[in-house]
Amino acid sequence: MAKIAKKKAAARAAFEGKSNLTVDEAVKLVKGAASAKFDESVEIAMNLGVDPRHADQMVRGVVQLPAGTGKDVRVAVFARGPKADEAKEAGAEVVGAEDLVESIQGGNLDFDRVIATPDMMPLVGRLGKVLGPRNLMPNPKVGTVTMDVAQAVAAAKGGEVQFKAEKAGVVHAGIGKVSFDEDKIAQNVRAFIEAVNRAKPSGAKGTYVKKVSISSTMGPGVTIDIADAVAAQS
């Protein structure tokens, strides 16, 4: 316990008085302070000026991270016949129809992404109370309700990240690992911020992006200068 406490104290000291850093500075600080024995994730949180309870202020989308996520993504696909075969060939871990519904209702949720062909949605709809709260419900807006299941599976496994604003207007996601090179993490940070900016809803009023911060799984967070992150994309 003493060693853990010392590591946390050292990390907090390294972050003391530092805020609104450039993307590159923030990445360097977070990566350098990570001290866990496992490969920590790099996480981003964006506080937005929206109220997701209103349909015209919901922020939702998907982004293909240029450097990937570093995570082994398990995919479940609802499909029948040739499309089921296509999903299996693309690398989906779980493929089925009624049998998959029963499996999920029985508590089997050992996957990170759910994809479905359009004809399967009446079946998948039975699982709304299970998949919805976990942000796993297939949705055509983020490409998880599609006939091109092979492409959807490949995208999920190749670094695609979905995002959705939570009740307080916060968008949170894992965008890589601390073992990534600094420039790779920075690329992912900028790509994510750009995607959330593009997803600005029609009902958003005033300041849209209020705060952006990144952290490692076990480390403190540091805020990023929003102007720098946006300017780097232009």
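The values are calculated or read from the model by the stated rules, or taken from the named source; none is laboratory data. Quantities reported herein were computed from a predicted structural model and do not represent experimental measurements. Note that each Cβ is placed from the backbone with ideal geometry, even for glycine, and that neighbours are counted across all protein chains shown. For accessibility, only protein heavy atoms count, side chains too; no ligands or nucleic acids. Shrake-Rupley method; radii C 1.70, N 1.55, O 1.52, S 1.80 Å.
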Checklist line | Selection within region 67-78 - modelled with pLDDT under 95 and either closer than 17 Å to A116 by Cβ or open to solvent by 70 Å² or more (accessible area, probe 1.4 Å) (or both) | finding: K71, D72, V73
Check: Is it the case that region 174-197 has a residue that's within 30 Å of A84 (Cα to Cα), of a type in the set (A, V, I, L, M, F, W, C) and in a helix (DSSP H, G or I)?
Finding: no
Note to self: Can you find, within region 87-118, the residue that is nearest to the chain's Cα centre (by Cα) among those that are charged (D, E, K, R) and farther than 13 Å from N139 by Cα?
What the structure shows: D112
Next item on the list: Kindly indicate whether A87 is touching a residue at least 40 places away in the same chain (Cβ under 8 Å) and more than 21 Å from R60 (Cβ to Cβ).
Entry: yes
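Would you mention how many residues in region 79-100 are open to solvent by less than 40 Å² (accessible area, probe 1.4 Å) and touching a strand residue (DSSP E or B) at 6+ places or on another chain (Cβ under 8 Å)?
Number satisfying all stated conditions: 10.
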Notebook entry, point to check: Pick from S213, S202: which is part of a loop (DSSP other than H, G, I, E, B) and polar (S, T, N, Q)?
Noted result: S202
Check: Name the residues in region 131-166 that are part of a helix (DSSP H, G or I) and open to solvent by 40 Å² or more (accessible area, probe 1.4 Å), would you?
Finding: P133, R134, P140, K141, Q151, A154, K157
Next item on the list: Return a yes/no flag: does region 216-230 have any residue that is assigned to a strand (DSSP E or B), open to solvent by 30 Å² or more (accessible area, probe 1.4 Å) and either closer than 28 Å to R74 by Cβ or touching a Pro at 6+ places or on another chain (Cβ under 6 Å) (or both).
Entry: yes
Next item on the list: Pairs only if they're at least six apart or on different chains, beta carbon under 8 angstrom, first in region 186-200 and farther than 19 Å from D24 by Cβ and open to solvent by 10 Å² or more (accessible area, probe 1.4 Å), second in a loop (DSSP other than H, G, I, E, B) and among the hydrophobic types (A, V, I, L, M, F, W, C); list them, first residue then second.
Entry: A199/V59; K200/V59
Margin query: With small (G, A, S), over 22 Å from T144 (Cβ atoms) and in contact (Cβ under 8 Å) with a residue 24 or more places away in the chain as the only criterion, which of A79, A33 stands out?
Written below: A33
Item checked: Pick from region 42-62, criterion modelled with pLDDT of 95 or more and in a strand (DSSP E or B), ranking: surrounded by the fewest Cβ atoms within 10 Å (Cβ to Cβ) -> A45
